[in-house]
Amino acid sequence: MKRPLIVLALAASALAPSGAWAEPPTIAKVGELPAAFDDIGPAVQALKGPGGRTIHFADTGEAGFRPVLFVGGTGTSARAFGMTEFLKTMRVQLKLRLITVERNGFGDTALTPGWGYGDYAGEVKAVLDHLGVQRFSGVAISGGGPYMAQVAALMPQRVISLHLLAAATERPAGDSVCKLAPEQLAAALKPQVQNPQAWWAFPKDSPTHAIPGFADRAYEEGARTFFIHGQMGDPAPEAAEVMRYCGPLADLSQVKAPAYVYQGTADTQVGMESARTWQARLPNLAAMRVYEGEGHDVQYRHWDQLLLDVAGHGDLTAVCVKGRSQALPKAQADKALKAGASLGVCAWAKAS
């Protein structure tokens, strides 16, 4: 029996010809005016956590949707998942609710000396308990990987599935960065931390440039992370985070939930070695999604596939077939790709 396909209905807009505009409709044609505000993104909330420390978190909050804990890359705030909302229509179609917990010294969150992975996992648990979330899927990007590992190790029975996109593990023994004094590392990081456009600079050939407004949203994320509560680009929190990567990765042996790893072979920031480390340490690897020739942006380029996987459709592949965004069983997807289809929703194909 053939598997039914999922057609992804994505919003599209058309631009009026240059110099032309539509006459505003009359009030009679508009009808009743809205009674509620439109969503411009979830607010950052505060919660008193372990030891009285203030935790900051954000939650898209849709009742009845599958909770997804999102851990952004190094140097990101509680609103970093907003950079993935270029596929919000698809996220909502698949009924996924995103929750993120801010890390030490970033965004609204004060820097606490000596804070580590275990502290983060405890703060995540406090937020999930506060929200009444019993089970969740975990999604980590880049430098968020080791934090997600600690969360999963602390609450393995609560993890529905684990998703690691271009995710770091731990710095190798003898790494030169790990031999630096914190002040030295902070001085080296200062020029980037104080310039969000440099911090979030993707190469010219990055597919992220095809996403309308993505670069500006990324720069705003950098400004929020390093400047939002008056810290004025202090590099100390980022230096502490980088030094944290010198520590060991959490023991994942009790994490039995299906895990997915996403990795580009041309990634110069988080290489294939990290992907192989995840592969070796995850007890239940459901899929190793390796993208030939792609760099440190697979997390955005293949966010559509990630959404399918998180929603429990890991056996389906997001493809664009003759102008239609579809989710097909692997055999059908492979056949379509050989016949000229492209990976991902059609917005990628149109952009290229």
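The values are calculated or read from the model by the stated rules, or taken from the named source; none is laboratory data. Because the structure is predicted, anything quoted here is derived from the model rather than measured. Reconstructed Cβ throughout: ideal geometry from the backbone, glycine too, with neighbour counts over all protein chains shown. What goes into the accessible areas is simple: the full protein's heavy atoms, side chains included, and nothing from ligands, DNA or RNA. Shrake-Rupley method; radii C 1.70, N 1.55, O 1.52, S 1.80 Å.
Here are a few things to note about the model shown:
- Cut-off under 5 Å, modelled amide H: who pairs with residue 321 long-range: 326
- The chain: angle of helix 272-281 to the longest principal axis, Cα-based, in degrees nearest 10: 80
- Segment 93-147: radius of gyration over Cα atoms, expressed as a fraction of 2.2 N^0.38 Å: 1.24
- Bridging of residue 322 to lysines at a Cα separation below 28 Å is possible for 2, 88, 95, 204, 330, 335, 338, 350, once same-chain residues fewer than 8 apart are set aside.
- Our coupling estimate for segment 141-147, obtained by passing each phi through the Karplus curve with A = 6.51, B = -1.76, C = 1.60 and θ = phi - 60°, is 10, 6, x, x, x, x, 5 Hz, Gly and Pro reported as x.
- Extended-chain gain in nm, criterion 0.36 nm per residue less alpha-carbon gap, residue 134 and residue 184: 13.8 nm
- When the solvent-accessible area of the chain is split by element, carbon and sulfur atoms take up 56 percent of it, the probe being 1.4 Å.
- From the coordinates shown, Rg and Dmax of the Cα atoms in Å corresponds to which of (i) 21.0, 72; (ii) 26.5, 128; (iii) 20.4, 80: (i)
- Rounded to the nearest 10 degrees, the inclination of helix 182-193 to the longest alpha-carbon principal axis of the chain is 20 degrees.
- Segment 21-95-segment 200-232 distance, computed between alpha-carbon centres (Å): 18
- Taken one residue at a time, the phi angles of segment 222-234 give Karplus couplings (6.51, -1.76, 1.60, θ = phi - 60°) of x, 5, 5, 4, 9, 9, 4, 10, x, 6, 6, x, 5 Hz. Gly and Pro are set to x.
- Each label point was placed 7 Å from the Cα along the Cα-to-Cβ direction; for residue 54 and residue 334 their separation is 5.4 nm.
- For residue 71, distant residues with modelled amide H under 5 Å away: 139, 140, 141
- Hypothetical label at residue 280: residues of segment 150-186 whose amide nitrogen lies under 15 Å (7 Å Cα-Cβ projection): 169-174
- Computed lengthening from residue 43 to residue 30, 0.36 nm per intervening residue step minus Cα-Cα distance: 1.7 nm
- Annotation: amide H of residue 78 within the under-5 Å range of 108, sequence separation 5 or more or interchain, hydrogens built in the peptide plane.
- Expressed as a whole percent, the proportion of Cα-Cα pairs in segment 193-352 lying more than 18 Å apart is 69%.
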